[in-house]
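Asker: Encoded as structure tokens, here's the structure I'll be asking about.
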Protein chains: 2
Amino acid sequence: MGARPDELARHYQDALLNDVIPFWERHSIDRECGGYFTCLDRRGNVYDTDKFIWLQARQVWMFSALYNRLEKRPEWLDIARHGADFLRRHGSDDDCSWYFSLDRQGNPLVEPYNIFSDCFAAMAFSQYALAAGDEEAKRLAQTTFQNILRRRDNPKGRYSKAVPGTRPLRSLALPMILANLVLELEWALDPGQVAGTIDACLREVMTLCLDEERMLLFEHVAPDGSHVDCFDGRLICPGHGIEAMWFIMDLAGRRGELFDPRATKNSPPKDGEALVEKAVDVVMSTLEFGWDKECGGIFYFMDADGRPPEKLEWDQKLWWVHLEALVALVMGYSLTRRQECWEWFETVHDYAWERFPDPEYGEWFGYLSREGNVFLPLKGGKWKGCFHVPRALWRCSEELSKLPDDVQS
Amino acid sequence: MGARPDELARHYQDALLNDVIPFWERHSIDRECGGYFTCLDRRGNVYDTDKFIWLQARQVWMFSALYNRLEKRPEWLDIARHGADFLRRHGSDDDCSWYFSLDRQGNPLVEPYNIFSDCFAAMAFSQYALAAGDEEAKRLAQTTFQNILRRRDNPKGRYSKAVPGTRPLRSLALPMILANLVLELEWALDPGQVAGTIDACLREVMTLCLDEERMLLFEHVAPDGSHVDCFDGRLICPGHGIEAMWFIMDLAGRRGELFDPRATKNSPPKDGEALVEKAVDVVMSTLEFGWDKECGGIFYFMDADGRPPEKLEWDQKLWWVHLEALVALVMGYSLTRRQECWEWFETVHDYAWERFPDPEYGEWFGYLSREGNVFLPLKGGKWKGCFHVPRALWRCSEELSKLPDDVQS
């Protein structure tokens, strides 16, 4: 690579503003029924019209955030409102629990079994409330957030298939997402609740789910943080772990002092700086563990002990994994100036930019085989929407533009 | 290929008796806690000890069936009893609903949400009852079968996430499995119930789920058999469709006369012979559709309209898909003598035998990439056990041994 940070910052911002965002502006707006199309093929043609709450909410968040934090373009606020109105009208049941999916018209298809639908809805309405000065949106974000906290110890509720008691597990996913969400909603929450939630998230992510010897985050652990020898208990998702670490760096920068070291094993860091160093350590060891030495790229799922993973997609290379790694690495470098962060940033940057973007039709491909070939030529689907690509391009360009020119690996 | 049917019959039987069955005899018996280990790595070492009801039951069935239909080896009956005792002790709740999985000791891990656990349990206890002359096993098979019929219109029960009414779908999987199961249990059921179940299965598989223009089986259709334009509604699983067709050939050979043509659209075949021809037509068109013209092998999942499939594993080549195709093709040839059946049999045989078997450590690999390379070097796991490989080797050798010597493609 060898490019200077300011050149890179322009490169990332150019891709954001002149390629990725225009792709979604052009192809994703459902002017007839409201909301967004997210199932877009390589050229941007709609190949399925169902509406998945995760992706509807994430796009509302994305356009609201661009409006709030990058530039007050009225068309961005319009697009955010277009999705927020659809979600408000159709997205939740009477208890303000968010469905998983709707049909094109907004009729509910899949029940509110998935707490992350609620997480992304809260994130969307909070950011949109700031953009539009919309008090009802703010209340919707607040109510949804309280619902999430109430459900957090049993997030799947009646849909849980685990027999109670046999093998209790705690999971990384929810505290990790909450670590990000609580900062998103901080402006609309009681400060005591913010502090308590941050404290709990830090404990669950950095102590419970973190194996301090291997410096790897496990997706599932026993309630005391020990490992459970089963498929779920051995599961490592490098992309998840790395993404969680930049959420933690965000927290550390603003809330490091809130972390209570007495609640943990092995004296974790007490202050923001030590927490950032630890988060970067985890990013480094996760990349060492999750990088495919043979073909390049970061594996999707791995077994901590090297046994055969359960998931058939384990060796695929996914867009979001690489984008989250870029954000974590540039943030890690910016906060610690550790040389290895910059070296890894260059490695992941080169891998990703060579393979994921589609100069011909815009946006990024999402799904590469182990060898790095596109095996699903879509730009959006049930899980890929207007979120990871623009969020990462924006965060990276922002962080890169703050770096001095003399970075050299 | 070009081998003679009698040579091929010996080849399949040799693999069954001197490679595959010994692998499971040697590695899968849990002498300490009962039941079987199914998570076996390439060499047969146990890498996970959880016990999945599908696989426990299928192995009980397999060893019982070999004992009943191939050779009365006492050690086969012992192995079947070893699993049947474990299942009887731990596998079901008080309502005789079968859990999805247990831990090594037999403590329930995952609730009885999956009706196919019940299907394979019924199949296991029926075949075991015949082998062991065990009346209690027979009653268990009968009770479980009645449970399945009672649950069949709402198989997921309280675990269903579909919002009732918005998009009702009928699925291929259950009637397809029932078509096989009802013949397995015929000896223990009321003949009127057998006839009624066969009639319903034929209607659902050969009329409701079958697209008569494309001659493809859809995994999900509207209640009137029309197509629904969504991910589920466009889903084709060629392996499923082909496996269903040899179940139908089995039915046609014994029960063709029971099929009521008045209950269907477009006058379906009324007799066994026409039903077999139709089943073979479906096998042919499914292979034409599902065969990977570039790399060889049969795709795992496809979108009927060529849009991007939802499932990330869509282009992988799975052991069971190819084995079920071999059974369907040799049966189809045996019953119709259609030359194209034999040609496809040779094509699939050559593809599968070149890539799936592991001469070094025995048994077959399960999971190949699109290009045909092993990407999960396990011999058994959460979904692969002692079932598809031995069942297909046995059925093929049986059918091949009945063919005349002059088959030539």
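Asker: Of A:Thr166, A:Val20, A:Ser92, which is farthest towards the positive pole of chain A's charge dipole, taken about the Cα centre with +1 and -1 on the beta-carbons of Lys, Arg and Asp, Glu respectively?
Answerer: Projecting each Cα onto the dipole axis, the largest value belongs to A:Ser92.
Asker: While we're on this one: Determine the total buried accessible area between chain B and chain A, counting protein heavy atoms only with a 1.4 Å probe; round to the nearest 100 Å².
Answerer: Separately minus together, B and A give about 3700 Å² buried.
Asker: Once you charge only the Cβ atoms, +1 for Lys and Arg and -1 for Asp and Glu, what is the size of the charge dipole of segment B:1-87 about its Cα centre, to the nearest 20 debye?
Answerer: So the magnitude is around 160 debye.
Asker: Okay, next question. Between segment A:236-252 and segment B:104-135, how far is it from one alpha carbon centroid to the other, in angstrom?
Answerer: For segment A:236-252 versus segment B:104-135, the Cα centre distance is 43 Å.
Asker: Rounded to the nearest 500, what is chain B's calculated 222 nm mean residue ellipticity when only DSSP H runs of at least 4 contribute -39500 (n - 2.57) each, over all residues?
Answerer: On the way: 13 runs with 199 residues, N = 409.
Using -39500 (n - 2.57) per qualifying helix, the result is -16000 deg cm²/dmol.
Asker: Something else now. Residue by residue, what Karplus-based ³J(HN,Hα) values in Hz, rounded to whole numbers, does segment A:46-53 have, using 6.51, -1.76 and 1.60 with θ = phi - 60° and x for Gly and Pro?
Answerer: Along segment A:46-53, the couplings run 6, 10, 7, 10, 5, 10, 9, 4 Hz.
Asker: Taking all protein chains as present, what is the carbon and sulfur share of the accessible area of the protein assembly as shown, in % to the nearest whole number, probe 1.4 Å?
Answerer: Working: 13370 of 29760 Å².
Taking all protein chains in place, the protein assembly as shown shows 45 percent carbon and sulfur surface.
Asker: Go ahead and set up a Gaussian network model of chain B, Cα springs under 10 Å, then flag whichever of B:Val374, B:Val283, B:Val221 fluctuates most.
Answerer: Of B:Val374, B:Val283, B:Val221, the Gaussian network model singles out B:Val374 as fluctuating most.
Asker: For B:Val228, what residues show an amide H to amide H distance below 5 Å, using hydrogens built from the backbone and excluding near sequence neighbours?
Answerer: B:Ala222
Asker: Can I ask one more? Under the Kirkwood approximation applied to all pairs of distinct alpha-carbon atoms, what is the hydrodynamic radius of the protein assembly as shown in Å?
Answerer: Taking the inverse mean of 1/r over all distinct Cα pairs, the protein assembly as shown comes out at 28.5 Å.
Asker: To continue, here is another question. How much net charge surrounds B:Phe86 when only other residues with a Cβ under 11 Å from its Cβ are counted (Lys, Arg +1; Asp, Glu -1)?
Answerer: +3
Asker: So how many Å³ per residue does the convex hull of the Cα atoms of chain B work out to?
Answerer: 138 Å³
Asker: 5 Å is the cut-off here: which amide hydrogens, built 1.01 Å from N in the peptide plane, fall below it relative to A:Ile29, excluding neighbours closer than 5 in sequence?
Answerer: Amide H neighbours of A:Ile29: A:Phe37.
Asker: Show me, for segment A:21-32, the HN-Hα J-couplings you get by feeding each phi into the Karplus relation (A = 6.51, B = -1.76, C = 1.60, θ = phi - 60°), rounded to Hz, glycine and proline as x.
Answerer: After applying 6.51 cos²θ - 1.76 cosθ + 1.60, I find 4, x, 4, 6, 4, 6, 10, 9, 7, 8, 6, 7 Hz.
Asker: Can I ask one more? Quick one: net charge around B:Gly34, please, counting Lys, Arg +1 and Asp, Glu -1 for every other residue with C-beta under 15 Å from its C-beta. Don't jump to the answer; show the numbers that get you there.
Answerer: Values: positive: B:Arg31, B:Lys51, B:Arg81, B:Arg88, B:Arg89, B:Arg104; negative: B:Asp30, B:Glu32, B:Asp50, B:Asp78, B:Asp85, B:Asp103.
Combined, the nearby Lys, Arg, Asp and Glu give 0.
Asker: Viscosity 0.890 mPa s, temperature 25 °C: what is the translational diffusion coefficient of segment B:94-191 from Stokes-Einstein with a Kirkwood Rh over Cα pairs, rounded to a whole number of µm²/s?
Answerer: My calculation gives 169 µm²/s for D.
Asker: Under 8 Å for C-alpha pairs, at least 6 residues apart: give me the relative contact order for segment A:147-239, rounded to a whole percent.
Answerer: 26 percent
Asker: Once you have the Kirkwood Rh of segment A:307-409 from its Cα pairs, apply Stokes-Einstein at 25 °C and 0.890 mPa s and quote D in µm²/s.
Answerer: The Stokes-Einstein estimate is 166 µm²/s.
Asker: Still on this structure: Taking the Cα centre of the protein assembly as shown as origin and charging only Cβ (+1 Lys, Arg; -1 Asp, Glu), how large is the dipole, in debye to the nearest 20?
Answerer: Using Cβ point charges on Lys, Arg, Asp and Glu, the protein assembly as shown gives about 1580 debye.
Asker: Karplus couplings for segment A:247-253 from phi (6.51 cos²θ - 1.76 cosθ + 1.60, θ = phi - 60°), rounded to Hz, Gly and Pro as x?
Answerer: 4, 5, 4, 4, 4, 4, x
Asker: A further question follows. A:Val374's amide H: which non-local residues (gap 5+, or another chain) put their own amide H closer than 5 Å, with H modeled 1.01 Å from N in plane and none for Pro or chain starts?
Answerer: A:Ser369
The values are calculated or read from the model by the stated rules, or taken from the named source; none is laboratory data. Owing to the predicted nature of the structure, the values given are computational and were not obtained by experimental measurement. Note that each Cβ is placed from the backbone with ideal geometry, even for glycine, and that neighbours are counted across all protein chains shown. Side chains included, ligands, DNA and RNA excluded: accessible areas come from the protein's heavy atoms. Shrake-Rupley method; radii C 1.70, N 1.55, O 1.52, S 1.80 Å.
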